[in-house]
Amino acid sequence: MNTAYHQAREMLLKPNRPEAFFCASDYMALGCYQAIRDLNLKIPDDVAVMGYDNLQIAHDAIPAMTTMQIPYYDMGKLAVEMLLDVMNKVPIASNQFKIEGSLILRNSI
């Protein structure tokens, strides 16, 4: 969160500041929230912010943070199925899989 704060602050001080941040985690997004507030900017009026994880902190943030829900259950299920296939000597069809998460729209964009 500390690194995200400093990097967001640095970007926000540039003449052509970003209109939005898409962060790799909700914790990083909180760092952006703090940098935005410290510069007396408003979310989402001046800068939009989106996280990634859908942790409770995203719901509790002010304003509530838009984020992506990571499909942990589906990821775990696929991993177990693949492990069972390997144990049973069943060939794995691919080494790449796509499991989509859900967009959780809240008030930060």
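Running a GNM on the chain with Cα contacts under 10 Å, which residue among VAL47, VAL90, VAL80 ends up with the highest mean-square fluctuation?
Ranking VAL47, VAL90, VAL80 by mean-square fluctuation puts VAL90 first.
In debye to the nearest 20, how big a dipole does the chain give about its Cα centre with +1 on each Lys and Arg Cβ and -1 on each Asp and Glu Cβ?
Numbers: 9 positive and 12 negative charges, 31 e Å.
Here the chain has a charge dipole of around 140 debye.
Probe radius 1.4 Å, ligands and nucleic acids left out: which of ARG106, ARG37 has the largest accessible area, and how do the rest follow?
On the way: ARG106 55, ARG37 100 Å².
Highest to lowest solvent-accessible surface, that is ARG37, ARG106.
Measuring from label point to label point, each 7 Å out along Cα→Cβ, what is the ILE92 to GLN69 span in nm?
With each label placed 7 Å out from Cα toward Cβ, I get 2.7 nm.
Taking the Cα centre of each part, how many Å lie between the range 40-109 and the range 1-29?
If we compute the Cα centre of each part, the gap is 20 Å.
When the accessible area of the chain is computed with all protein chains present and a 1.4 Å probe, what percentage of it is carbon and sulfur?
Working: 4120 of 7430 Å².
Ligands and nucleic acids excluded, carbon and sulfur give 56 percent.
Hey, can you grab everything whose amide H is under 5 Å from the amide H of ILE104? Only 5+ residues off in sequence or another chain; H modelled, so Pro and N-termini drop out.
THR67, MET68, GLN69
In Å², and per residue, what accessible area does the chain have when probed at 1.4 Å with the other protein chains present?
Result: 68 Å² of accessible area for each residue.
Rolling a 1.4 angstrom probe over the protein chains, ignoring ligands and nucleic acids, what is the accessible area of ASP45 in square angstrom, nearest 10?
It works out to around 130 Å².
Which of these, ALA20, ALA61, ALA79, has the largest mean-square fluctuation under a Gaussian network model of the chain (Cα springs below 10 Å)?
Largest GNM mean-square fluctuation: ALA79.
Taking only Cα atoms and a 10 Å spring cutoff, compute GNM fluctuations for the chain and point out the largest among LYS89, LYS42, LYS77.
Judging by the Gaussian network model, the answer is LYS89.
So between ARG9 and ASP60, what do we pick up on full extension, going 0.36 nm a residue minus the alpha carbon distance? Can you show the working numbers first?
On the way: separation 51, 0.36 × 51 = 18.36 nm, distance 2.21 nm.
Stretched out fully, the ARG9 to ASP60 stretch lengthens by 16.1 nm.
Using only alpha carbon pairs under 8 Å that are at least six residues apart, calculate the relative contact order of the range 11-109 and give it in whole percent. Write down the numbers at each step before the final one.
Working: 141 pairs, mean separation 28.3, N = 99.
Relative contact order for the range 11-109 comes out at 29 percent.
If amide H atoms are built 1.01 Å from N in the plane of the peptide, which residues on other chains or at least 5 residues away come under 5 Å of the amide H of ALA20?
HN-HN under 5 Å from ALA20: ALA48.
Report D for the chain in µm² per second (integer): Stokes-Einstein, Kirkwood Rh on Cα pairs, 20 °C, 1.002 mPa s. Intermediate values should be presented prior to the final figure.
Working: Rh = 15.5 Å.
Diffusion coefficient, whole number: 138 µm²/s.
The values are calculated or read from the model by the stated rules, or taken from the named source; none is laboratory data. Fair warning: this is a prediction, and the values are worked out from it, not measured in the lab. Because the Cβ atoms are built from the backbone with ideal geometry, glycine has one as well, and the counts that use them run over all protein chains shown. Just the protein is used for accessible areas: all its heavy atoms, side chains included, with ligands, DNA and RNA removed. Shrake-Rupley method; radii C 1.70, N 1.55, O 1.52, S 1.80 Å.
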